[in-house]
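Q: Structure below; questions to follow.
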Amino acid sequence: MSLLTHDLKAAQLFYGELLGWDFRPGWQGEDRYTVAHVDGMPVAGLGRTAEGAECPVAWTVFFGAEDVHQVAQSCRENGATVAVGPLEYGKGRVAWASDPAGARFAIWEGDVSPAWRVERQAPGPVRLELRTRDAFDAARFYGAVFGWDAGGPVPYDVRFEVDRVVLRIGGRPVAGMFGGAVEAAPDPQVRPRWQAYFCVDDVDEVVGRAAGLGGTVIAGPGTSPFGRVAVLRDPEGGIFGLAALTG
């Protein structure tokens, strides 16, 4: 996950105070890109927009790929839009795209630090959720683009559970897809989008501190089939979720 923000220092202050993150310079230098850590483990990237850029502040999910050009072409063939790239980016290649319903995501080809690969409950994103027009159409799109049904050493499993389509990799749930999003909705909370839920010990306690740091509660805290959750908006408008470590 990576946050694109207009004020990098303000974003570091907000997420650092709220979630206990500390920050280390990324490959572009600390004034342009930083990596958030908890207990020495990387959890997310934060980057500053270019001067004069009008793009909204938002979190973006990056999906790994062995060949970004091949995946970008598959996106186009399956009805998606590749907005930027593929292009050289740091120690790899990246492309930014939006799926057929309009949810934005990125494709990354390149080395990934082993620290990002650790199977863990905390402190990184506990899961991803896609709000989309039709969850089954979305599952078909992402399955075709990223080869969820291609087999391999780690089994992929996509099935309907409760009120969503759930992707499991190696038996571990990693993403859920909900229907009902509206592309033309004026509220970004309702439009198709990927959202990360970050682990915290106590959702209610963290939500209680968010307003004092300039954040806004969009939904919750409440109980879901996956535990205690809430959805917040940071001071610049970036939407993210919280999920309890237990339950």
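The values are calculated or read from the model by the stated rules, or taken from the named source; none is laboratory data. Predicted, not measured: the structure shown is a model, and the values here were computed from it. Using ideal geometry, Cβ is built from the backbone for each residue, glycine included, and neighbour counts are taken over all protein chains shown.
Q: Out of the residues in region 55-73 that are without any contact (Cβ under 8 Å) to a residue 40 or more places away in the chain and among the polar types (S, T, N, Q), which is nearest to ALA97 (Cα to Cα)?
A: My answer is GLN73.
Q: If you go through region 40-63, how many residues are closer than 26 Å to ALA175 by Cα, surrounded by fewer than 17 Cβ atoms within 10 Å (Cβ to Cβ) and of a type in the set (A, V, I, L, M)?
A: Count: 1.
Q: Which of the residues that make up region 213-247 are touching a Gly at 6+ places or on another chain (Cβ under 7 Å) and part of a loop (DSSP other than H, G, I, E, B)?
A: Listed by number, the residues that qualify are ASP234, PRO235, THR246, GLY247.
Q: Look through GLY170, GLY215 and report the one residue that is in contact with an Asp or Glu (Cβ under 9 Å, 6 or more places away or on another chain) and more than 16 Å from GLY238 (Cβ to Cβ).
A: The conditions single out GLY170.
Q: Another question about this same structure. Tally up the residues in region 165-212 that are touching a Pro at 6+ places or on another chain (Cβ under 8 Å), crowded, with 16+ Cβ neighbours inside 10 Å and either assigned to a strand (DSSP E or B) or modelled with pLDDT of 90 or more (or both), please.
A: Count: 8.
Per-residue answers, yes or no, for (1) assigned to a strand (DSSP E or B); (2) farther than 15 Å from VAL94 by Cβ; (3) at pLDDT below 90:
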position	(1), (2), (3)
TRP27	no, no, yes
THR34	yes, yes, no
VAL43	yes, yes, yes
LEU46	yes, yes, no
ALA50	no, yes, yes
ALA53	no, yes, yes
PRO56	no, yes, yes
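Q: Now, a different point. Within region 105-125, track down each residue that is modelled with pLDDT of 70 or more and within 11 Å of the chain's Cα centre (by Cα).
A: Listed by number, the residues that qualify are PHE105, ALA106.
Q: A follow-up question, please. For ALA72, only one of the following conditions fails: (1) at pLDDT 90 or above; (2) under 13 Å from the mean Cα position of the chain (by Cα). What is its number?
A: Failed condition: (2).
Q: Which one of the conditions (1) under 18 Å from LEU3 (Cβ atoms); (2) touching a Lys or Arg at 6+ places or on another chain (Cβ under 8 Å) does GLY85 fail to meet, given that it meets all the rest?
A: With respect to (1) under 18 Å from LEU3 (Cβ atoms); (2) touching a Lys or Arg at 6+ places or on another chain (Cβ under 8 Å), GLY85 is out only on (1).
Q: Related question: Yes or no: GLU236 in contact with a His (Cβ under 7 Å, 6 or more places away or on another chain) and at pLDDT 90 or above?
A: yes
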